[in-house]
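To start, the structure itself, in structure tokens.
The values are calculated or read from the model by the stated rules, or taken from the named source; none is laboratory data. Being a predicted model, the structure only gives us computed values, none of them experimental. A quick note on method: Cβ atoms are made from the backbone with ideal geometry, for glycine too, and the neighbour counts reach across all protein chains shown.
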Amino acid sequence: MSTINPIPGGPVAQPAYQVIQAFSIPMINAQHPNPEALNRELRELFIEKAAEGDRYSNPEPRVRRNKTLYESRFDLFNWPEACVQKLKEFCFANLYRAIAELNGYDQARLKDIRYACESWFHLTQKGGYFGAHNHPLHSWSGVYCVRHDGDDPDSDSGKLTFVAPNSASTMYVDVANLRFQRPFSSAPIMLRLVPGQLVLFPSWLLHEVMPYEGETERITVAFNVRFQYTGNQML
């Protein structure tokens with residue numbers, strides 16, 4: 001039986017056989033421990049602002065959507081309301097944790113990482129959807145679920161869907177690669193978010209929201225972040 005080297009390889013003894021995850025995409029899933037009161041306040045605030053029409057809506061929508069999806073302007077985390085600031089704190093605590101763990105940064109380096117952020121909310125009624133897109137000029141993006149109910153939980157209604165980036169993997173498909181399991185599958189990742197759930201992912205990763213078929217509403221908060229290191233230590 002032949003041996004294979006790890007990626008990258010080296011002149012060390014290797015197992016006779018091993019499966020290697022050659023390229024991986026980090027995605028973080030976090031759950032707010034007590035989201036009920038926070039989400040209730042967020043929902044009331046967002047419904048109030050959406051009722052004012054264009055005053056709080058995104059003035060330059062670029063991603064395909066329809067009229068049953070309301071998108072706010074991109075300054076949400078600058079709003080002074082306590083519920084918004086509590087959500088921002090939760091989101092950034094998990095984002096900075098992910099940055100530290102994935103990059104191997106200690107707290108001394110982490111405290112010298114500054115950020116710029118854009119953030120907004122979606123309030124989606126029945127039939128609303130959001131087309132495939134990514135977020136240029138940012139490194140990390142996140143989606144937080146305020147509400148998702150009133151639809152069939154076994155359907156694809158309102159699912160946050162990530163498109164596999166390895167498009168060349170479907171160049172030729174036969175029985176030998178047809179049913180690859182995660183993390184090697186090229187099938188899309190489709191998530192039905194639950195209230196209090198936060199998903200963090202690289203901003204370059206294509207994603208979309210399937211049409212929401214509920215009788216109530218689907219409410220999410222999204223944000224994109226880019227960073228700059230201001231410290232003196234070497235990274």
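What are the residues in the stretch 50-83 that are within 20 Å of LYS126 (Cβ to Cβ) and either free of Cβ contacts under 8 Å to residues at least 24 places away in the same chain or part of a loop (DSSP other than H, G, I, E, B) (or both), if any? Once the filter is applied, which keeps residues that are within 20 Å of LYS126 (Cβ to Cβ) and either free of Cβ contacts under 8 Å to residues at least 24 places away in the same chain or part of a loop (DSSP other than H, G, I, E, B) (or both), the stretch 50-83 yields ALA51, GLY53, SER57, PRO61, VAL63, ARG64, ASN66, LYS67, THR68. When residues in the stretch 157-215 are screened for being modelled with pLDDT under 95, in a loop (DSSP other than H, G, I, E, B) and of a type in the set (Ser, Thr, Tyr), 3 of them pass. If you filter the stretch 168-192 down to residues that are touching a Ser or Thr at 6+ places or on another chain (Cβ under 6 Å) and surrounded by 13 or more Cβ atoms within 10 Å (Cβ to Cβ), you find that the one that is farthest from ASP154 (Cα to Cα) is SER169.
The C-beta contact set for the stretch 145-172 (first residue at positive phi, second residue of a type in the set (D, E, K, R), distance under 6 angstrom, 6+ apart or interchain) comprises GLY150/GLU215; GLY158/ARG218. Does any residue of the stretch 49-67 turn out to be over 30 Å from SER185 (Cα atoms), out of contact with any Cys (no Cβ under 7 Å at 6 or more places or on another chain) and among the aromatic types (Phe, Trp, Tyr)? Scanning the stretch 49-67 turns up at least one residue that is over 30 Å from SER185 (Cα atoms), out of contact with any Cys (no Cβ under 7 Å at 6 or more places or on another chain) and among the aromatic types (Phe, Trp, Tyr).
Filtering the stretch 100-134 to residues that are out of contact with any His (no Cβ under 9 Å at 6 or more places or on another chain), under 22 Å from TYR70 (Cβ atoms) and assigned to a loop (DSSP other than H, G, I, E, B) leaves GLN125, LYS126, GLY127, TYR129. Taking the stretch 193-218 as the range and being among the β-branched types (Val, Ile, Thr) and farther than 19 Å from GLY131 by Cβ as the test, the residues that pass are VAL194, THR216.
For the stretch 84-99, the set of residues classified as touching a residue at least 60 places away in the same chain (Cβ under 8 Å) and among the β-branched types (Val, Ile, Thr) consists of ILE99 only. Filter the stretch 74-92 down to the residues that are within 20 Å of ARG114 (Cβ to Cβ) and of a type in the set (Asp, Glu) and list them by number. Across the stretch 74-92, the qualifying residues are ASP75, GLU89.
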